[in-house]
Amino acid sequence: MSFFKPTFTHPDLPKNKIGYKKRDYEGVISTLCAGCGHDSISAAIVQACYEINLEPHKLAKMSGIGCSSKTPAYFLSNSHGFNSVHGRMPSVTTGANLANRDLTYLGVSGDGDSASIGMGQFVHVARRNLNMTYILMNNGCYGLTKGQDSATADYGSISKAGSKNPFQGIDMVGLALELGATFVARSFSGDKGQLIPLIKAALAHPGFAFIDVISPCVTFNNNQGSTKSYDYVRQHIEATSEFDFVPVEEEITVDYAEGSEKVVTLFDGSKIVLDKLANDWDPTDRYSAMSRIQEGKKNGQIITGLIHINPESQELHELMGTTDTPLNQLTEEDLYPGDEVLDSINNKYR
Amino acid sequence: MNPTNIKDPEYFHKVVDCQYACPAHTPVPEYIRLIAAERYDDAYMINWESNVFPGILGRTCDRPCEPACRRGRVEEEPVAICRLKRVAADNKGDVKSRMPQGPFTPNGKKIALIGGGPASLTVARDLAPLGYEIHLYDEWQKGGGMMRTQIPAFRLPEEVLDEEVNYILDLGIYTHFNHYVESMAEILEQDYDAIFVGTGAPKGRVLKLPGYEEAKANIHIGIEWLAGVAFEHIKSIGKKVIVLGGGNTAMDCCRTSRRIGGEDVKVVVRSPFQDMKASPWEIEDAQHEDIPIMNNLPPKEFVVEDGKLKGIIFEKVKAEYDENGKRRLIPTGESDEFIEADDVVIAIGQDNAFPWIEKDLGIEFGKWDIPVVDKLTYQSTNPKVFFGGDAAFGPENVITAVAHGHGAAVSIDLFCHGKSLTERPDPMTNLMSQKMGIHEWMYDSGVVSDLRYAVPHEEKKLSLSDRKIEVELGFDEILGFKEAQRCLNCDVQTVFNTSRCIECDACMDICPTSCITFTQNGTEDELRDRLLAPALNLEQDLYVSDTLPTSRVMVKDENVCLHCGLCAERCPTAAWDMQQFYYNVTKASSGCLVAAE
Ligand SMILES: Cc1cc2nc3c(=O)[nH]c(=O)nc-3n(C[C@H](O)[C@H](O)[C@H](O)COP(=O)(O)OP(=O)(O)OC[C@H]3O[C@@H](n4cnc5c(N)ncnc54)[C@H](O)[C@@H]3O)c2cc1C
Ligand SMILES: Cc1ncc(C[n+]2csc(CCOP(=O)(O)OP(=O)(O)O)c2C)c(N)n1
Ligand code: SF4
Ligand code: SF4
Ligand code: SF4
Ligand SMILES: [Mg+2]
């Protein structure tokens with residue numbers, strides 16, 4: 001068993017615009033089970049951050065507890081990180097974000113972490129539109145504690161031990177839409193072509209960007225009859241569109257067939273291009289997205305891609321009108337206006 | 001692309017860069033692992049079987065394996081493959097008992113080997129155990145050929161040479177030393193079933209410039225002079241020496257001069273430094289012994305005063321290259337340069353010479369007096385006569401001579417049994433899984449970052465005082481171990497099983513050198529372009545799987561694979577396995593030799 005990665009990299013691998021190689025965005029060698037979907041998602045995060053020329057020290061990785069929540073160790077070794085308590089990633093991220101709005105926040109969670117113990121936290125962070133990317137590594141089970149069904153396990157899904165899930169599964173995408181989340185997407189760990197641009201767009205989105213990534217647990221939930229296995233997902237996946245993210249400094253170079261694509265411009269000028277968009281629905285319209293999701297469910301499809309985006313998103317700081325300067329940079333002078341000012345205020349009430 | 005046929009032994013053979021580049025295809029990574037495991041005898045025997053002269057080659061090999069070494073493509077320098085061989089030789093115990101033990105049952109065939117260099121000795125070693133009666137002729141009093149007459153003792157101690165030459169002679173070879181063969185016709189008249197010519201390229205070139213005749217007493221021809229020194233007919237040289245030439249022979253001549261009286265020794269080369277033929281390490285060693293190398297100076301004239309050599313006048317030139325890279329030396333117009341010298345050694349090349357082969361024996365000669373020899377069978381146009389080593393295709397090196405010897409021995413064996421020489425036995429190959437348990441391998445898969453270790457040298461003053469003191473001290477066991485750990489185990493192959501893969505991407509994600517890509521199939525050019533990392537090294541193959549369920553294929557660029565096994569460790573279904581590939585080149589003696597395990 002290898003405990004470290006060789007230091008050598010491919011000599012012909014390019015550097016990104018700020019001079020980093022992909023290796024500079026990697027973490028230590030994973031200790032997850034071989035073939036775990038979570039590792040693919042980590043790799044997609046690495047690739048996305050490399051491609052958007054992110055400065056690693058400007059990002060904070062936040063997580064709770066679970067195999068999924070361990071992954072921040074396996075990407076972005078040069079970034080900040082906080083591995084919090086089970087289900088508490090959203091509140092810790094909220095605190096961090098309020099204290100320092102200058103960082104990019106990338107939260108990673110599991111379906112147990114988010115849909116059971118952390119459900120209350122998930123709900124509130126979504127409705128508050130906290131400026132963060134929230135990646136849910138969704139394997140339908142509690143991987144770390146040996147594969148018990150989680151709250152996202154689909155009704156009727158068969159566990160490794162052979163039992164059928166008698167409960168309704170929570171659809172976190174449907175829930176996020178209901179809560180008014182401003183960026184909602186679903187993807188599959190085995191489809192990096194889609195996942196990487198989604199992560200890039202999510203990181204650029206001002207507000208709460210939620211990606212539910214189906215991520216098979218090879219050890220406990222990749223059996224026949226499981227609806228979160230590699231095979232099942234591959235058979236039922238239905239992409240809503242081809243998806244690309246074009247950062248501000250770049251131009252759209254691909255020639256799309258006329259009328260087939262939709263371009264959404266984000267507040268910073270970067271663009272999201274949705275090509276071959278399924279007919280009669282509009283991802284900028286939350287209700288159209290909700291009905292598309294319901295319809296897919298009815299037809300046994302797993303709808304992936306960018307499901308909803310609100311181009312007018314206003315994140316928590318804007319909603320609350322906090323100062324542009326991060327709170328952690330405010331000095332005593334800024335915060336304490338002095339006795340005279342206090343006196344004058346007090347005097348008003350005399 | 002079509003799926004790669006890994007059943008073709010040449011596919012994985014090519015992945016083992018060093019072994020593939022070695023003319024004798026020595027299983028390099030296997031012996032390096034044995035050195036790391038302190039199994040020096042086993043490491044020695046693997047070498048002995050392949051290249052016959054591990055101790056000699058571990059000091060003097062031209063090492064074509066090293067420029068090919070994969071490590072040189074992922075960091076600055078290749079593994080010190082050559083000097084590791086010496087570690088095995090230096091630390092081995094009694095290996096003779098593991099060699100074929102005579103007397104061998106005669107097979108009734110008798111062969112003559114003309115010349116006692118590495119090519120002939122290899123033929124002898126391969127055929128003796130099969131029962132051949134072998135007669136070896138050499139003009140000198142001992143075997144070894146140019147390894148004895150040319151390679152100076154400070155690079156190759158006589159004991160090492162004697163030991164390895166004797167392993168072969170002790171197999172019951174009939175030696176005819178001090179016997180210069182004057183006539184091939186006479187040999188053919190005898191009852192030999194086959195004749196092997198391994199007489200080397202024994203004629204040194206001269207440079208008859210004005211003044212040559214008068215100064216002749218102090219102008220020496222490099223290879224003759226080195227042989228004279230080796231046999232102690234020549235014991236000294238003047239204080240001021242000019243060596244002409246830029247190859248390895250020039251380096252040996254100048255360094256030898258420094259040890260037998262030369263104080264102000266210069267190497268003067270007509271062409272630029274970067275065009276010199278000498279190996280970089282030999283140039284370095286010469287420079288380290290305070291020998292300046294002067295370039296762009298073609299000699300014009302030997303200057304003689306009172307009937308004695310005074311020095312040489314050189315013209316000054318510069319090199320210009322045309323669009324085809326062809327070089328022309330153009331006079332700079334500056335005034336000529338005179339360099340003083342008491343003695344001059346000319347080391348500007350060697351030629352083949354076969355004055356002793358009559359022209360009416362059916363042995364055809366082509367350009368430059370080089371015989372017409374088949375590249376596969378080493379047979380000349382006289383079916384009974386085979387050539388190998390420098391005699392066959394011009395001057396090369398010891399390891400090439402050995403490779404020719406193996407090939408010629410196979411041919412001679414086939415020939416003596418009336419079989420077709422072109423239907424040659426296949427190499428022996430084997431693929432063996434290295435799996436010991438989940439994520440546990442039988443080989444040490446960790447990749448260390450250590451840079452190449454330098455071989456310690458003898459103190460300069462001491463080594464210059466006596467031409468028999470060996471300059472290189474060799475790696476000790478600890479350094480040898482550390483250097484051995486740098487080997488990437490390229491013979492442990494990544495073997496892919498399409499039907500097992502569930503396309504989880506884990507192998508692609510973990511691979512430290514981005515070798516693996518799952519993608520749509522395409523033409524080779526196009527695939528090379530769109531892999532995770534561009535596959536620009538066209539000499540390295542792409543390993544392509546059958547089509548996977550998602551209609552993609554797995555494509556692995558072999559170029560910079562570290563053989564770290566991480567892909568196989570991260571694979572949930574063991575679709576990747578690490579398997580050791582053993583490739584043993586066809587040899588006449590294979591059946592008889594004790595294969596080192
Ligand atoms: C100065 C110098 C240094 C070298 N250093 C290296 C080195 O470091 N590493 C390396 O790999 N290679 C080196 N080489 C090259 C290497 O020595 C030869 O390529 C190699 O020895 C060739 O082997 P061979 O078996 O073909 O013949 P040789 O080694 O040349 O042996 C041929 C033998 O046949 C004898 N012979 C010739 N004609 C007759 C005849 N008619 N009858 C009887 N005997 C005859 C010759 O005297 C000689 O002993 C060096 C060469 C020179 C000149
Ligand atoms: C407060 C608390 N309760 C329970 C646990 C036990 N526990 C650890 S991980 C886990 C579930 C993890 O499931 P999920 O978030 O889906 O992560 P996965 O391992 O599947 O990626 C549980 C219940 C805990 N660590 N802390
Ligand atoms: S238990 Fe499941 S979720 Fe956890 S590492 Fe293993 S495969 Fe991944
Ligand atoms: S052994 Fe596998 S993981 Fe390691 S470098 Fe080669 S292909 Fe990549
Ligand atoms: S790790 Fe194994 S199963 Fe996964 S993609 Fe690679 S070869 Fe296929
Ligand atoms: Mg889970």
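The values are calculated or read from the model by the stated rules, or taken from the named source; none is laboratory data. Worth saying up front: this structure is predicted, and the values here are computed from it rather than measured. Backbone-built Cβ (ideal geometry, glycine too); neighbour counts: all protein chains shown.
Computed values, structure above
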quantity	calculated
Which listed residue, of B:Thr513, B:Thr517, is away from ligand 2 (no atom under 16 Å from the Cβ), assigned to a strand (DSSP E or B) and buried (at least 18 other Cβ atoms within 10 Å of the Cβ)	B:Thr517
Unmet criterion (only one of (1) acidic (Asp, Glu); (2) closer than 22 Å to A:Phe245 by Cα; (3) part of a helix (DSSP H, G or I)) for A:Asp282	(3)
Selection status of A:Ala115, touching a residue at least 40 places away in the same chain (Cβ under 8 Å), away from ligand 6 (no atom under 16 Å from the Cβ) and away from chain B (no Cβ under 14 Å)	no
Cross-chain or 6+ apart pairs with Cβ under 6 Å, the range A:127-146 first and over 18 Å from A:Asn223 (Cβ atoms), then among the acidic types (Asp, Glu)	A:Asn129/A:Glu315; A:Asn131/A:Glu315; A:Leu136/A:Asp212
Single unsatisfied condition, B:Cys487 versus (1) within 14 Å of chain A (Cβ to nearest Cβ); (2) in contact (Cβ under 8 Å) with a residue 12 or more places away in the chain; (3) more than 28 Å from the chain's Cα centre (by Cα)	(3)
Residue list for the range A:2-53, restricted to those being at the interface with another protein chain (Cβ under 8 Å from one of its Cβ atoms), part of a loop (DSSP other than H, G, I, E, B) and touching a residue at least 24 places away in the same chain (Cβ under 8 Å)	A:Ser2, A:Phe4, A:Lys5, A:Ile29, A:Ser30, A:Cys33, A:Ala34, A:Gly35, A:Cys36
Which listed residue is under 25 Å from A:Pro6 (Cα atoms), among the acidic types (Asp, Glu) and within 12 Å of ligand 5 (Cβ to nearest atom), from B:Glu503, B:Glu539	B:Glu503
The range B:267-292, residues that are part of a loop (DSSP other than H, G, I, E, B) and over 23 Å from the mean Cα position of the chain (by Cα)	B:Val269, B:Arg270, B:Ser271, B:Pro272, B:Glu289, B:Asp290, B:Ile291, B:Pro292
In the range B:191-224, residue farthest from B:Arg148 (Cα to Cα) [restricted to those that are in a helix (DSSP H, G or I) and hydrophobic (A, V, I, L, M, F, W, C)]	B:Ala215
Qualifying positions in the range A:59-116 - more than 8 Å from ligand 2 (Cβ to nearest atom), in a loop (DSSP other than H, G, I, E, B) and touching a Gly at 6+ places or on another chain (Cβ under 8 Å)	A:Leu76, A:Ser77, A:Ser84, A:Arg88
Close pairs (6 angstrom Cβ cut-off, 6 or more residues apart or separate chains): modelled with pLDDT under 90 in the range A:289-300, in a helix (DSSP H, G or I) and aromatic (Phe, Trp, Tyr) anywhere	none
Index of the failed condition, B:Ile502 passing every other in (1) more than 9 Å from chain A (Cβ to nearest Cβ); (2) more than 13 Å from ligand 4 (Cβ to nearest atom)	(1)
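Residues checked against (1) within 11 Å of chain A (Cβ to nearest Cβ); (2) in a loop (DSSP other than H, G, I, E, B); (3) farther than 24 Å from B:Ala21 by Cα; (4) in contact (Cβ under 8 Å) with a residue 12 or more places away in the chain:
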{"residue": "B:Gly522", "(1), (2), (3), (4)": "no, yes, yes, yes"}
{"residue": "B:Leu527", "(1), (2), (3), (4)": "no, no, yes, yes"}
{"residue": "B:Ala535", "(1), (2), (3), (4)": "yes, yes, no, yes"}
{"residue": "B:Leu538", "(1), (2), (3), (4)": "no, yes, no, no"}
{"residue": "B:Tyr543", "(1), (2), (3), (4)": "no, no, no, yes"}
{"residue": "B:Thr550", "(1), (2), (3), (4)": "yes, yes, yes, yes"}
{"residue": "B:Val555", "(1), (2), (3), (4)": "no, no, yes, yes"}
{"residue": "B:Cys567", "(1), (2), (3), (4)": "yes, no, yes, yes"}
{"residue": "B:Tyr582", "(1), (2), (3), (4)": "no, no, no, yes"}
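So that you can scan it fast, the table gives a plain yes or no per residue for (1) in contact with an Asp or Glu (Cβ under 8 Å, 6 or more places away or on another chain); (2) farther than 24 Å from B:Ile173 by Cβ; (3) at pLDDT 95 or above:
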position	(1), (2), (3)
B:Asn5	no, yes, yes
B:Ala21	no, yes, yes
B:Trp48	no, no, yes
B:Pro54	yes, no, yes
B:Arg83	yes, yes, yes
B:Asn91	yes, yes, yes
